[in-house]
1. Place a label point 7 angstrom from the Cα of A:ASP319 along the Cα-to-Cβ direction, then list the residues of the range B:259-292 whose backbone nitrogen is under 19 Å away.
2. Kindly express, to the nearest 10 degrees and within the range 0 to 90, the angle between helix B:162-173's C-alpha long axis and the longest C-alpha principal axis of chain B.
3. Name the trypsin sites (Lys or Arg not before Pro) in the range A:346-454 that are in a loop by DSSP and that have at most 13 other C-beta atoms within 10 Å, would you?
4. At a Förster distance of 45 Å, what's the computed FRET efficiency of A:ASP379 paired with A:ILE137, Cβ-Cβ distance as r, to 0.05?
5. Evaluate E = 1/(1 + (r/R0)^6) for A:GLU345 and A:SER78, where r is the Cβ-Cβ distance and R0 equals 41 Å; express this FRET efficiency to the nearest 0.05.
6. Kindly identify residues of the range B:122-162 having a loss of at least 50 Å² in accessible area between the isolated chain and the assembly of all protein chains, probe radius 1.4 Å.
7. What total accessible surface area, summed over both chains, is buried at the interface between chains B and A, computed with a 1.4 Å probe and given in Å² to the nearest 100?
8. What number comes out for accessible area per residue over the protein assembly as shown if the probe is 1.4 Å? Units Å², please.
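The values are calculated or read from the model by the stated rules, or taken from the named source; none is laboratory data. The model shown is predicted, which means the values in this text are computed figures rather than measured ones. Methodologically, a virtual Cβ is constructed for each residue, glycine included, from the backbone with ideal geometry; neighbour enumeration extends over all protein chains shown. Accessible surface is based on the protein model in full, side chains and every heavy atom, while ligands, DNA and RNA are left aside. Shrake-Rupley method; radii C 1.70, N 1.55, O 1.52, S 1.80 Å.
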Amino acid sequence: MSVAESAGRVLRSGAPPDTAYDVTVIGAGVVGTAIARELARHRGLRIALLDAANDVGEGTSKANTAILHTGFDAVPGSLEARLVREGRRLLAAYATESGIPVEPVGALLVAWDEEQRAALPGLLDKAARNGYHAARIIGPDEVRAREPHLGPGALGALDVPGESIICPWTTTLAYATQAVRGGVDLHLNCRVRQIDPGGGLHELTTSRGTLRTRHLVNAAGLHADAVDRLLGHDDFTVTPRRGQLIVFDKFARDLVDHILLPVPTALGKGVLVAPTVYGNVLLGPTAEELDDKTATGSTAEGIALLREKGRRILPELLDEEVTAVYAGLRAATGYDDYRVSAHKEQRYVTVGGIRSTGLTASLAIAAHVTDLLATTGLDLPAARDLPPLRMPNLGEALPRPYQRADLIAADPAYGTLVCHCERVTRGEIRDALAAVVPPGSPDGLRRRTRAGAGRCQGFHCGAQVRELFEKGGEPGSG
Amino acid sequence: MRRERIVDALIVGAGPAGLATAAGLAATGAGEVEVVDRDQQAGGAARHCAHGGFGRFGMTGPQYAERWVAAAVGVGAVLRTGVTVTGWSGPLTLDTTSPRGLERITARAVVLATGARERPRAARLVPGTRPAGVFTTGELQRAVHGHGQRIGTRAVVVGAEPVSLTALDTLRQAGVEVAALVTEYPRHQASRARAAEARLRHAIPLLTDATVTELLGRGRLSGVGLRHRDGRTAYVACDTVVFTGDFVPDQELARRGGLPLDPGTRGPAVDGAFRTAERGVFAVGNVLHAVEPARVVAREGAAASAAVRRYLRDGDWPSASVPLRVTAPLGWVAPNRLALDEPGDGFTLRTTEFVTHPTLVVTQDGRTLHRARRRRPAVPNRPFRIPGDWTGRVDARGGAVRIALAD
């Protein structure tokens with residue numbers, strides 16, 4: 001099979017190969033995987049994608065608000081504004097083609113006091129300056145009609161119909177899968193400790209041994225500043241900003257039809273309430289400036305704050321059970337824009353300060369970084385279209401395998417439910433374990449299938465899912 | 001697309017309650033009686049309880065489950081496992097998924113016997129990291145008895161009620177040292193004999209008036225933070241934590257069908273004849289009251305089968321019922337609707353506080369219907385019952401009937 005001949009490898013242990021790579025991307029989050037995928041379009045390049053974790057998307061990419069933004073509120077004229085605008089168009093098309101769940105639910109920025117209401121015209125104007133012209137201001141009656149479960153006191157809203165919800169895990173995994181199929185070697189559990197710029201070749205000392213590469217891309221997210229310093233730069237410092245999020249039970253989904261965004265004011269940003277493509281409701285995030293890049297725990301104070309704010313926005317939400325609480329760290333740099341720069345003499349591109357908009361902008365960032373790599377002397381062979389990809393559907397908007405008679409008739413494993421809360425079948429678990437980029441842990445399997453992500457959190461299926469993971473998807477005794 | 005079928009009685013859930021209902025119905029010639037269960041094996045939660053003490057003869061859970069499977073199948077009930085009910089497509093029509101495909105089953109009577117589960121860490125809003133090593137008793141039992149998995153080396157058990165002691169036994173069988181039992185209550189809630197047998201003999205500390213405030217560790221749990229009611233805090237190193245008890249009904253199907261739920265039990269509201277608000281839809285077992293022992297729900301199943309049988313024969317359904325409510329510190333009562341044609345045989349309650357000699361008062365619109373002092377204390381997470389001999393005094397057109405503790 002031609003795909004297999006040219007496909008890269010997914011390696012979680014062992015020393016990297018002796019021969020040098022043309023390009024190495026450090027960081028396999030949504031940005032790094034998108035860059036690797038874009039580079040894979042240029043047949044003939046030897047490309048490595050590295051991550052310190054044992055799976056793709058293990059950092060900021062797995063714990064965000066899962067929104068496909070329009071970029072209506074970006075800083076006009078900034079790199080971020082341009083890449084979000086372009087990236088949104090690219091990702092929306094890519095999602096349709098690849099089966100990444102997206103629901104175009106639209107957003108309402110709800111004003112709860114006079115100050116917030118007074119801020120709406122400015123936001124509308126900013127949206128226009130960002131080239132987004134579908135937004136409009138609506139009054140309290142229309143807000144109430146469109147969101148009947150909203151708490152009392154909404155004075156109006158900015159209606160942004162283009163905002164969508166998306167599956168961030170499937171997006172990252174789709175990029176990584178296409179990259180590996182296109183020839184990229186994905187090295188996991190591969191932490192970069194030291195970089196020796198040498199003459200013509202960077203020598204990377206990693207937790208798995210030495211790796212050599214001509215060109216280097218730093219997409220290390222929270223650790224982008226540290227990688228930058230390994231190459232002698234001191235352009236920015238990443239301050240982790242913790243965002244705690246509460247996921248509510250699927251019974252909450254009927255309470256909300258749009259993404260309910262806060263109106264940013266001088267007093268700070270509030271929290272959002274948003275449906276998820278899995279049929280849950282998300283409440284959050286908090287915004288806590290920290291100095292520990294591993295502090296992904298939730299706190300009693302954070303949870304209490306979110307519940308208090310959520311009660312104001314959607315009172316009935318608090319009556320529903322909580323399915324999960326998680327925290328992600330966003331890569332804040334103190335600058336109001338991305339920090340993307342090429343260092344020609346080092347054949348090196350830094351992709352820093354990619355904030356919460358990184359998911360939306362990912363494909364445009366990848367194209368931009370590839371252009372920058374060319375300016376550092378990388379010879380880019382002609383680009384080709386990668387073979388199309390169809391990802392397993394984790395979203396509720398389209399039929400899932402357990403609802404499909406055709407699929408079950410062809411393979412009864414799609415009619416055998418393992419995770420009852422999320423209705424995940426043995427067939428889907430088997431497929432995920434045999435995929436091009438297989439999970440490295442039961443958590444990784446959960447992100448790929450939703451198995452164990454439901455209201456019972458493994459009460460019923462936890463032991464069985466663990467067994468399937470350990471035995472590679474073969475039916476066990478239980 | 002969907003294979004459509006019609007049966008007389010469709011029972012959802014093949015635990016002791018569902019199987020006993022099916023056995024009772026099939027034995028009395030109620031027509032086609034079918035039980036579906038989403039698990040690959042019938043028996044419900046009992047199947048995962050390797051310990052003894054089930055039924056009158058102290059069988060193990062799996063033996064007890066097997067007995068009820070044999071009883072139901074032996075009298076002609078059709079038992080189908082690996083069949084998941086995914087939703088309703090009519091008032092008495094359910095959609096299912098199984099390896100054999102999609103079905104749409106319409107029944108003259110539907111019985112929900114979907115059981116209960118423990119609330120997991122997230123629903124309890126316990127902050128901290130999300131490491132491996134966090135269990136409920138249900139997951140622990142399946143991991144140890146069903147799959148022989150390795151659990152860990154040192155555990156903290158959250159809860160000190162009967163199921164917590166089951167978790168403790170299971171941990172011990174899996175070779176896990178138990179660092180402590182932690183309960184928010186001032187004492188444990190198990191019987192004295194059971195507590196002594198499970199805990200004291202092994203000198204396991206019981207930390208009372210304490211809550212788990214944080215989980216720590218990346219990848220794997222490294223410990224838990226605790227806080228005592230008086231403000232003292234502590235850290236216990238462990239690689240495993242088991243959240244026990246805090247049962248909630250598995251009521252997804254009831255709720256998807258729009259059945260009114262009881263605010264106390266959070267299960268479907270039913271009367272003494274296991275009838276929900278929807279004609280032809282019954283509910284039985286721990287989906288009504290999370291949770292009662294297997295022998296209690298099996299007895300309920302037998303009573304429910306008689307009620308379903310009467311409905312299939314006569315078609316009678318109450319046009320109205322009076323809600324039955326509790327006042328704190330009482331947590332819930334079941335059944336929780338009063339239909340005067342079927343008074344039932346008493347009520348099960350829960351308290352959220354220890355009460356030494358509770359006096360229960362039942363009132364309706366300010367009128368006292370019943371008053372009785374109990375000799376035994378009311379203990380959280382343990383059932384206590386009141387008789388139903390006062391239900392004849394309920395005014396069918398009156399307001400909610402309320403059960404409270406007298407001062």
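1. So the set is B:259-270, B:277-278.
2. 60 degrees
3. A:ARG384, A:ARG390
4. After rounding to 0.05, the efficiency reads 0.30.
5. Plugging the Cβ-Cβ distance into 1/(1 + (r/R0)^6) gives 0.95.
6. B:ALA122, B:LEU125, B:PRO127, B:ARG130, B:GLU139, B:ARG142, B:HIS147, B:GLN149
7. 3800 Å²
8. Using a 1.4 Å probe on heavy atoms only, each residue of the protein assembly as shown averages 39 Å².
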